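Take a look at the structure below.
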Amino acid sequence: MTLLADRPAVVEEGSDHEHGAGPSGFLKWVTSTDHKVIGKNYTVTAVIFFLLAGAMAMLIRAQLANPDSTLLSQHTYNEMFTMHGSLMIYLFVGPVAFGGLANYIVPLQIGAPDMAFPRLNALSYWLYLGGGSLMMLGFLTTGSAADFGWVAYAPLSNSINTPGAGPDLWIVALILTGFSAIFTGVNLVTTIYYLRAPGMTMFRMPIFTWNMLVTGILILIAFPVFTSALVLLWCDRHLGAHIFEVSGGGVPVLWQDLFWFFGHPEVYILALPFFGIVTDVIAVFSRKPIFGYRGMVFATMSIAALSTSVWAHHMFTTGVVLLPFFSLMSYLIAVPTGIKFFNWIGTMWRGSVKFDTPMLFAIGFLVTFLLGGVSGILLASPPVDFATHDTYFVVAHFHSVVMSLVMAAFAGFFFWYPKMTGRMLREGLGKATFWLMLVGANVTFLPQYLLGLKGMPRRIAEYAASDGFTTLNRISSAGSVLLFLSVAIFLVNVVVSWWKPIPAGDNPWDASSLEWATSSPPPHHNFLKIPPIRSQRPVWDYNHPEDRIIEHAKARPGGFVASGGVGTVLLADVNVDGEDTLETRDPDR
Amino acid sequence: MGIPGGAKLRRVARFLLFSTIALALGGCTLPTFGGFRGATTQGQAEFKLWSWMTMAGLVVAAIVWGLILWAVIAYRRRDPDKMPRQFHSNAFVEVIYTAVPLIIIGVIFFYTVKTENTVDALAPHPAVTVRVTGFQWGWSFSYRDPQGKQIALVETAQARPPVLAGNPTSAEYPQFVLPLGETTQIVLESADVVHGFYIPAFNFSRYALPGVTNNFDFTPVHTGVFAGHCAQYCGLYHAEMLFSVRVVRPGAFQAWLSTQPASGAAT
Ligand code: HEM
Ligand SMILES: [Cu+2]
Ligand SMILES: [Cu+2]
């Protein structure tokens, strides 16, 4: 590829050659405001929380593998599922997407030199790390870590029912990570609105970037409510505020409303980034443009809008919510979600599908997420929810969803690892990870649908042999061992890639978005030059001039030019690169 | 649309219609998919909806899985040098895959509302009224006469349960009794935190919510003993907050009621 032939031969990642000598080593790591360093910190930290939460899941499954199990005490079991759920949701899936991958990739995809507010970005990371560590410190308190479930329903979460420092640490931790998420949301939205390179109009952005924009907006809608609710809960515990206490005239169910007003949009804050990853991965490995790009963008927006008005589907059995409204709104979300499925299928249709590891994980996502979606429709029906609420059917439903998101996360890891490190991961080990995860996830969670239908409630530390839950629980626990192996092989893969590197090159997947136009890893401030942006696939257009699609009429010369900030100057500089082969072919210019 | 395709489509539609009607006529053999058929009229209504929705869901899922699998297999990369045609939209297909789900949802929503009105309907004059209170960690079942006076009481004997949970139907947990074929109104309350009053065989659960009174009806259609759990996590011994319900013929119910002390802890 001649695209970047004339850039300097070796560019060390993050090297401060433009700014003279900066700090190095540890000091550089802790003081960095480079979105790539912060993005990697976030990713690594989040994966560590994933491993911790996964270890807790293994303990949970070990406990439930036998009836009348005494491996864990009741109390320890309650801590385990609380911390497993909390770590996974608050500290892994969300942060790894919007703090980790998006932080690293979004500026690259839009041709920006960094996030709009680099220092705020660093603050986000440190708040996240601090908050996450505080939550884990609960295990060191004399009482216990939080043990009121990841939803902390009032009044179980008050100072009488769950006293002690562990629950307080949980609350304060989530206030800190709440601010962290809000700052990241501000940063993403601002970056995407204002720092796009010349030519990168909104409708030329990769779907991943689009989804991060919508995710950022959803964060700004949902997280402030949750963060404030946590402050109220803290006031109840320490100042006797009685906001969620019947005795003082408070309303316990208010906590559920506030929590789920955050909690359901949160589901999409977790999911949308991964939808984005999968969309882009499928297009690249099918060698085709995204099918129905605009429809997909509008589907994403309507999912986000609808997601703010479905929260009470988690409260159907409270007896105090308007069932038909929340049920209808929940059903409606299936429409834009269905549109996405057909976009994904349409992208592969008549394509040339190559099964590299990222694509396998994307297909695994499709297959598994569909099951979560269908069981979700069932749960959106209040009568069906009455029969299955708070049983293992629900646990199975949301794990179908979150395991599909984990697969999408792995699609992202395998896809972008070469960009972030300059090294390839091993395909053989990657495929082993994939198959173990696909089989493991379904062996673990399919039996749980049946357990729920047989009447096994969630969050129970034990069941009796005569309940008839034993066999299905054993199958489920066996499946979790496959998941354990799958993650272990992934870690081996990472180690091998450091031990015996295979250089990645700039664009190992023949991908189409802008991050593949720079070196792997990218230099400080990301680009030495940027290819002309005339469509949704600038790098593809450059590499495959015969197979490009240029929008004709609407291409404004120069497109949307970013204004203000260091970024503009830099981008304007690098974009004047003379030899623009597309320029001469574009019929409109 | 092309005419030949239309004819084929009509044939498929007719087949689907007939097989649906055939299934509907044999209503009592609706597949369970692992769920309970329901031991109350309310639970049976839920079961019908569950079964139909699951069938619809699995059909949709099978179609989509089929399309995914087809795309993956039929369009796998065989010739690394051949570039596929770079198309990226098809207005007709896009309209179809937006409109069809909307219609499906409309139908499902209609039956959902119908069923939930059946399940949540309250009889104006229930034959029996039971005031159920959830507490950490047990239940009390207080039978009331029409004036609200307690005529019988069943409750968890030990609020601090044994260390290992037994079967919910075993004698260490409270068992309340309902008359077959008559409508009992449950008045559900909580004494402390949120609990979940859940009887799997009745296909029903409802929160016992502090500060809120929830009313709902059971009209049992099968005699027998059915397990009950606390479904909503309520603290340390949540797993052991068990109970059971025994459905007996009305005569036997009256006999049982007359042997119960009006107050005091009997299990
Ligand atoms: C790695 C494999 C995993 C296994 C084997 C696993 C297992 C489990 C099990 C058995 C429970 C139910 C505990 C109970 O109700 O008693 C549970 C709860 C939960 N899991 Fe997972 N899980 C896994 C991954 C994940 C992931 C990736 C997420 C989210 C991203 C997640 C989020 C949750 C949440 C939110 C809960 C509910 C906690 C609560 O009830 O408070 N899990 N998990
Ligand atoms: Cu929800
Ligand atoms: Cu409970």
* Report, by residue number, each residue of the range A:254-284 that is within 14 Å of chain B (Cβ to nearest Cβ), more than 16 Å from ligand 3 (Cβ to nearest atom) and more than 18 Å from A:PHE415 (Cα to Cα). => A:LEU254, A:TRP255, A:ASP257, A:PHE259, A:TRP260
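This table checks each residue for (1) more than 8 Å from chain A (Cβ to nearest Cβ); (2) among the small types (Gly, Ala, Ser); (3) over 30 Å from A:ARG287 (Cβ atoms).
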| site | (1), (2), (3) |
| --- | --- |
| B:ALA62 | yes, yes, no |
| B:ILE68 | no, no, no |
| B:ARG76 | no, no, no |
| B:MET83 | no, no, no |
| B:ILE103 | yes, no, yes |
* **Yes/no for A:ILE269 being over 30 Å from A:THR317 (Cα atoms), touching a Ser or Thr at 6+ places or on another chain (Cβ under 9 Å) and surrounded by 24 or more Cβ atoms within 10 Å (Cβ to Cβ)** => no
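Restricting to the range B:140-155, what's the tally of residues that are surrounded by fewer than 19 Cβ atoms within 10 Å (Cβ to Cβ) and among the acidic types (Asp, Glu)?
Residues that pass the stated criteria total 1.
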* Selection count, the range A:290-331, where residues are away from ligand 3 (no atom under 16 Å from the Cβ) and within 7 Å of another protein chain (Cβ to nearest Cβ) -> 12
* Taking B:LEU178, is it buried (at least 19 other Cβ atoms within 10 Å of the Cβ), touching a helix residue (DSSP H, G or I) at 6+ places or on another chain (Cβ under 9 Å) and over 30 Å from A:ASN158 (Cβ atoms)? -> yes
* Asked: Pick from the range B:227-240 the residues that are under 20 Å from the mean Cα position of the chain (by Cα) and buried (at least 24 other Cβ atoms within 10 Å of the Cβ): which of them is farthest from ligand 3 (Cβ to nearest atom)?
  -> B:GLY228
* Identify, from the list B:GLU189, B:GLU172, the residue that is at pLDDT below 95 and within 13 Å of chain A (Cβ to nearest Cβ). => B:GLU172
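Evaluate the range B:237-248: report whether one residue or more is closer than 24 Å to B:THR118 by Cβ, of a type in the set (Phe, Trp, Tyr) and at the interface with chain A (Cβ under 7 Å from one of its Cβ atoms).
no
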* May I ask you to list pairs of residues, at least six apart or on different chains, whose Cβ atoms are under 9 Å apart, with the first in the range A:454-472 being within 7 Å of another protein chain (Cβ to nearest Cβ) and the second being of a type in the set (Lys, Arg) and assigned to a loop (DSSP other than H, G, I, E, B)? => A:ASP467/A:LYS454
* without any contact (Cβ under 8 Å) to a residue 12 or more places away in the chain and closer than 30 Å to A:ALA461 by Cβ, is that true of A:LEU174? -> no
* **B:THR184 within 20 Å of the chain's Cα centre (by Cα) and farther than 14 Å from B:GLN232 by Cα** => yes
* Could you tell me which numbered condition A:PHE398 fails, if it satisfies all but one of (1) under 21 Å from the mean Cα position of the chain (by Cα); (2) buried (at least 23 other Cβ atoms within 10 Å of the Cβ); (3) not aliphatic (A, V, I, L, M)? => (2)
* Asked: If you take the residues in the range A:40-78 that are among the polar types (S, T, N, Q) and within 14 Å of chain B (Cβ to nearest Cβ), which one is farthest from A:LEU137 (Cα to Cα)?
  -> A:ASN66
* To do: Kindly indicate the residue of the range B:82-139 that is over 26 Å from B:GLY38 (Cβ atoms) and among the aromatic types (Phe, Trp, Tyr) and also surrounded by the fewest Cβ atoms within 10 Å (Cβ to Cβ) among those meeting that condition.
  => B:PHE92
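Given the structure, is A:TYR128 more than 14 Å from chain B (Cβ to nearest Cβ) and among the aromatic types (Phe, Trp, Tyr)?
Details: more than 14 Å from chain B (Cβ to nearest Cβ): yes; among the aromatic types (Phe, Trp, Tyr): yes.
Criteria met by A:TYR128.
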* To do: Quick one: B:SER142 ticks every box in (1) under 24 Å from the mean Cα position of the chain (by Cα); (2) more than 30 Å from A:LEU64 (Cα to Cα); (3) more than 10 Å from chain A (Cβ to nearest Cβ) except a single one, so which number is it?
  => (1)
* Please state which of the following conditions A:LEU425 fails to meet, knowing it meets all the rest: (1) away from chain B (no Cβ under 14 Å); (2) outside any helix (DSSP H, G or I); (3) near ligand 1 (Cβ under 10 Å from one of its atoms). => (3)
* To do: Inspect all residues belonging to the range A:80-87 and state whether any of them is surrounded by 24 or more Cβ atoms within 10 Å (Cβ to Cβ), within 16 Å of ligand 3 (Cβ to nearest atom) and within 14 Å of chain B (Cβ to nearest Cβ).
  => yes
* Considering residues of the range A:339-370 that are facing another protein chain (nearest Cβ under 7 Å) and under 20 Å from the mean Cα position of the chain (by Cα) only, the residue farthest from B:GLU189 (Cα to Cα) -> A:ILE363
* Asked: Just to be sure, is B:SER205 free of Cβ contacts under 8 Å to residues at least 60 places away in the same chain, in a strand (DSSP E or B) and surrounded by fewer than 23 Cβ atoms within 10 Å (Cβ to Cβ)?
  -> no
* Asked: Among A:TYR104, A:TYR153, which is the only one that is in contact (Cβ under 8 Å) with a residue 40 or more places away in the chain and either within 30 Å of A:PRO198 (Cα to Cα) or out of contact with any helix residue (DSSP H, G or I) (no Cβ under 8 Å at 6 or more places or on another chain) (or both)?
  -> A:TYR104
* Hey, B:PHE109 hits all of (1) within 30 Å of A:TRP349 (Cβ to Cβ); (2) within 8 Å of chain A (Cβ to nearest Cβ); (3) not charged (D, E, K, R) but one; which does it fall short on? -> (1)
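The values are calculated or read from the model by the stated rules, or taken from the named source; none is laboratory data. A quick note: this is a predicted structure, and the numbers were derived from the prediction, not measured. Cβ atoms come from the backbone with ideal geometry, glycine included; neighbour counts cover every protein chain shown.
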